[in-house]
1. Could you list, bin by bin from short to long, the percent of Cα-Cα pairs of segment 1-89 in 5 Å steps?
2. Post the alpha-carbon centroid distance, segment 1-61 to segment 112-169, in whole angstrom.
3. Please report, largest first and rounded to whole Å, the three semi-axes of the ellipsoid equivalent to segment 76-141, where each semi-axis is the square root of five times an eigenvalue of the C-alpha gyration tensor.
4. If you count, for each residue, the other Cβ atoms within 10 Å and average over each peptide, how do 131-141, 53-63 line up from highest to lowest?
5. Beta carbons within 10 angstrom, averaged per residue: use that to sort the peptides 95-104, 4-13, 76-85, highest first.
6. Can you list the lysines whose alpha carbon sits under 21 Å from that of LYS15, skipping same-chain ones fewer than 8 residues off?
7. So what does log10 I(q)/I(0) come out to for the chain at q = 0.11, 0.12, 0.15 Å⁻¹, using the Debye formula with one equal point on every Cα and no solvent?
8. How long are the semi-axes of the equivalent ellipsoid of segment 114-156, taking √(5λ) for every eigenvalue λ of the Cα gyration tensor, in whole Å from largest down?
Amino acid sequence: NTVVMMQQFRQVDRKLDVVKNTLDKAIARIEATHAGELLSASRMVDEVYTQYSLEGAFSQDMLVRLALAEHDIKSLSIRFRQLVESRDLTDISNAGDIQQANYDAHSAMLASFMELRISYLRACVDMQENPNSVDVSLERLKNVIDDGIVFWHQLQDRSRPLKTEIDNL
């Protein structure tokens, strides 16, 4: 009976390993999708910024590309920021967790920079298309800058609790 049960446990372990590997691959693919969307939107914003710098005005194409990038960046920014803020760095047990935390922080930082650039471009769009809304756009830009500064300081200081924990150990 014991030998039979041990064989059944080994079979269950093998099946669990297959399920775990499949889940790991699915999660990796999802993360790759998010990273690709963030990089793609970032490039699109950079292209619009460069084109605006050269042209001095927004074309219809530029406005559409900016709106698409803004949609992606805002949702990804919130996602990565939540991941960063919800993680307790002193409760990380292995190198994989540290790499994931750093990936989330770097992604959140890139998304934050892109949000700032988009807010600037939105103010420029309003100067061209909606002159009555410029004050609102400039206020929004100021809020994005202030919020970004606070977040960047959090990112800069996020390793301090971990260093304290290491010193205590």
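1. So the P(r) values, bin by bin, are 3, 12, 13, 13, 11, 9, 9, 7, 6, 5, 4, 3, 2, 2, 1, 1, 0.
2. A separation of 26 Å, based on Cα centres.
3. Taking √(5λ) for each eigenvalue gives 36, 10, 6 Å, largest first.
4. Final packing ranking: 131-141, 53-63.
5. Taking the mean over residues of other Cβ atoms within 10 Å, the ranking is 76-85, 95-104, 4-13.
6. Straight-distance partners of LYS15: LYS25.
7. The calculated log intensity ratios at q = 0.11, 0.12, 0.15 Å⁻¹ are -0.63, -0.70, -0.92.
8. Values: eigenvalues 115, 18, 3 Å².
Working from the Cα gyration tensor, I get semi-axes of 24, 9, 4 Å.
Every read-out reported here was derived from the displayed coordinates using simple, explicitly stated rules and does not represent laboratory data. Model, not experiment: these values are computed from the prediction. As a convention, Cβ positions derive from the backbone with ideal geometry for all residues, glycine included, and neighbour counts pool all protein chains shown.
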